[in-house]
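Report on the structure given below.
What follows draws every value from the coordinates through simple rules; no lab data is involved. The structure presented is a predicted model; accordingly, all values stated were derived computationally and were not measured. Note that we place each Cβ from the backbone using ideal geometry, even for glycine, and neighbour counts take in every protein chain shown.
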Amino acid sequence: MSAARTVYSMKVEKIIDHTHNVRELVLRTESPDVFKYKAGQFAMLHVPVEGAKPALRAYSIASDERVTNGFRLLFKFVGSPDPGAGIPDGLASTYVWSLKGGESLKFTGPFGKVFFQEPPTEQIVFLNTGTGISQHLSYLVSKKEIYPNLQYRMLFGVRSEKDIYIKDELDALAQEFPNFKYEFVLSRPSDSWTGKKGYIQHFIKEFHYKETPTTFYLCGNGGMIKEVKHQLLEVDGFDKTRLWVEAFD
């Protein structure tokens with residue numbers, strides 16, 4: 001049966017609120033009991049809608065592809081939980097933020113063809129914003145033991161210090177294999193922030209991709225992706241087969 005037709009029941013094993021608007025669900029298979037996917041793919045959540053068919057929403061899987069009995073997903077709240085804010089709540093956000101744990105959710109999948117390219121180039125650059133980190137986490141945890149000596153680099157764009165999350169996990173990965181280096185880039189930092197400021201597309205030349213065989217993976221904000229593609233493809237004449245993109249808006 002195709003990925004689009006098989007409906008999986010997944011139990012919410014754990015809920016982690018990373019920031020005020022980023023929530024993680026750790027899910028385990030119920031039926032069928034095996035969910036196979038490749039790093040870089042996404043699953044489609046079936047959001048219940050009263051009196052109508054479920055609404056389908058796509059979320060990149062943030063887990064090791066070798067684990068077949070569940071996965072983790074990251075969600076960013078769309079809209080505002082404040083009724084007086086004048087911003088309508090997102091349908092999926094309202095549903096996900098209503099969960100308490102233990103519920104059974106419905107999914108179809110996996111979908112997507114933005115895979116980790118093998119054999120890999122000497123340098124791998126991950127550029128992500130918001131929950132776009134999901135896809136790149138899946139690449140890292142799935143491939144780090146197979147390709148431990150690659151030069152992995154990541155720029156993670158968020159708004160301010162309060163939006164930084166999974167730092168401990170990234171630090172642990174960097175400790176595990178020193179060839180992985182990452183930095184947060186803050187677009188609206190406080191005066192005390194000493195790291196990179198602005199937008200991640202402003203820092204890509206630091207990777208010396210003209211001299212080092214490099215593959216770029218982009219996941220996140222459409223504006224960032226547009227600017228990086230312009231710089232790499234139109235200005236620098238970069239090989240488009242070494243640029244892989246998944247847009248989140």
* Separation of alpha-carbon centers, region 98-162 and region 32-62, rounded to whole Å -> 17
* Asked: So what's the projected area for the chain, the Cα convex hull averaged over all directions, in nm²?
  -> 15.2
* Asked: Taking the Cα-to-Cβ direction at ASP236 and at SER104 and moving 7 Å from each Cα, how far apart do the two end points lie in nm?
  -> 4.9
* **Relative compactness, region 123-247, computed as alpha-carbon Rg over 2.2 N^0.38 Å** => 1.02
* To do: Take the Cα atoms of region 8-111, find their three principal axes, and give me the spread along each one in whole Å, biggest first.
  => 45, 33, 24
* Using Cα pairs under 8 angstrom and six or more residues apart, how large is the relative contact order of the chain, in percent? -> 19
* Mind jotting down the distance between the C-alpha centroids of region 180-209 and region 229-247, whole Å? => 20
* Asked: When ILE124, ILE15, ILE204, ILE225 are ordered from fewest to most other Cβ atoms inside 10 Å of their Cβ, what list results?
  -> ILE15, ILE204, ILE225, ILE124
* Structure fact -> Computed, not fitted: 222 nm per-residue ellipticity of the chain from DSSP H runs ≥ 4 (each -39500 (n - 2.57)), nearest 500, equal to -4000 deg cm²/dmol
